[in-house]
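All remarks here apply to the structure that follows.
The values are calculated or read from the model by the stated rules, or taken from the named source; none is laboratory data. These numbers were taken from a predicted model, which means no experiment stands behind them. Positions of Cβ are backbone-derived with ideal geometry, glycine not excepted, and every protein chain shown enters the neighbour counts. Note: areas computed on protein heavy atoms with side chains; ligands, DNA, RNA excluded. Shrake-Rupley method; radii C 1.70, N 1.55, O 1.52, S 1.80 Å.
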Amino acid sequence: MQYLDHLFGSPIPLFLKNIIIGLLAVLLGIFIKFVIHKIFILLSRWWDFIFIKSIIRHLRYPVGVFIPLLLLNFSLSLMEMPLVYRIPLEKVLEIALTITFALILVRTINVLEDYFYFKYDLNKENNLKERKIRTQLQFVRKFIVSLIILITAAIILLSFESMRKIGAGLLTGVGIGGIIIGFAAQKSLGNLLAGFQIAFTQPIRIDDVLIVEGEWGKVEEITLTYVVVNIWDQRRLILPITYFIEKPFQNWTRVSADLLGTVFLYLDYTIPIEPMRAELTRLLNSSPFWDKRVNVVQVTDSTKDGTIEVRFLMSAASSSKAFDLRCYVREKMIAFIQANYPESLPRKRLEISDKLEQI
């Protein structure tokens with residue numbers, strides 16, 4: 001039967017009917033997407049919640065493509081067309097739906113990440129728990145996204161008959177192939193396992209302060225294979241993730257963000273200690289960087305060149321504040337000594353014996 005329906009008294013060709021069915025399905029999908037989008041817009045106005053806004057931002061476009069494609073796929077059952085056209089069209093729609101659904105899964109993970117980032121804010125003074133969760137979340141997210149991409153690619157490839165035949169043929173050599181791939185990907189697998197170990201044992205976390213390779217910096221990013229350390233002068237130090245399993249490094253914020261800062265001054269033996277204790281107390285009380293935990297002045301050593309080592313010990317809530325507090329105390333204490341006890345600054349002594357005086 002060549003003609004199925006009539007429009008304005010004229011018969012509609014079969015191909016035109018198929019096009020109309022397809023267009024109606026796509027338009028219905030666009031309408032449904034529009035309604036869903038408006039509902040979420042209204043929810044975001046009534047309920048100011050990061051989760052709703054994140055859904056709109058991340059899922060708007062992939063869902064907007066997925067719904068029309070899904071309805072178009074359903075509409076194929078209403079169309080009448082030769083198999084030579086139906087089979088390729090079904091295959092194209094199947095691949096498009098698979099890719100779009102995978103993108104929706106990835107964007108859903110981004111929505112969950114936004115929610116956890118909002119709930120566990122790193123801007124707190126003591127953010128140890130937040131850094132733990134963010135480190136695990138970042139690694140797990142990247143692993144799951146990689147897994148989704150691999151599974152999607154495998155589903156698309158295995159949907160082709162030729163690829164299934166190739167796969168069946170390769171099964172006979174999977175033992176030898178597995179050994180070869182294992183040797184070839186030894187370092188990559190080692191990095192992946194090291195990533196899991198770091199994510200769950202957490203020798204380092206996001207925003208941890210490290211001394212690594214002689215550099216001071218913060219952990220900015222942890223990927224499946226490498227770690228990015230943001231150095232104090234805004235350079236980036238890139239290290240393989242296995243580095244933090246195999247080599248020693250300093251982690252200043254392993255237990256908490258609180259730190260002790262020290263300032264060492266080398267002064268003459270004549271310097272009085274008590275006035276410096278009083279001055280340090282005054283300086284710390286006037287500084288916003290001090291967290292009021294530690295305030296100590298001690299003579300910790302005497303050197304061979306005729307000076308004593310005076311240590312000023314203080315505390316701060318974070319590494320950056322501790323650094324600023326140390327610089328502040330060092331500058332002010334030197335100015336205090338210069339103004340009040342200039343004779344106690346380090347100086348070279350020259351002894352003249354009696355014999356030389358007689359000469």
Being open to solvent by 50 Å² or more (accessible area, probe 1.4 Å) and touching a Leu at 6+ places or on another chain (Cβ under 6 Å): is that true of Phe289 here? yes
Members of region 237-263 found to be touching a helix residue (DSSP H, G or I) at 6+ places or on another chain (Cβ under 8 Å) and open to solvent by less than 20 Å² (accessible area, probe 1.4 Å), listed by number: Ile241, Phe244, Thr253, Ala257, Gly261, Val263
I'd like the full set of residues that are at pLDDT below 80 and open to solvent by 60 Å² or more (accessible area, probe 1.4 Å), limited to region 69-106. Glu80, Pro82, Leu83, Val84, Tyr85
Out of the residues in region 17-39 that are open to solvent by less than 60 Å² (accessible area, probe 1.4 Å) and not β-branched (Val, Ile, Thr), which is nearest to Met79 (Cα to Cα)? Asn18
Hits in region 299-312 (condition: within 29 Å of Gly217 (Cα to Cα) and surrounded by fewer than 16 Cβ atoms within 10 Å (Cβ to Cβ)): Thr300, Glu309, Arg311
Considering region 264-286, residues that are among the charged types (D, E, K, R) and in contact (Cβ under 8 Å) with a residue 12 or more places away in the chain, and then whichever is surrounded by the most Cβ atoms within 10 Å (Cβ to Cβ), we arrive at Glu279
Test set (1) closer than 30 Å to Asp208 by Cα; (2) open to solvent by less than 50 Å² (accessible area, probe 1.4 Å); (3) modelled with pLDDT under 90 - Phe323 fails condition number: (2)
Which residues, counting only those in region 264-317, are of a type in the set (Lys, Arg) and part of a strand (DSSP E or B)? Lys292, Arg293, Arg311
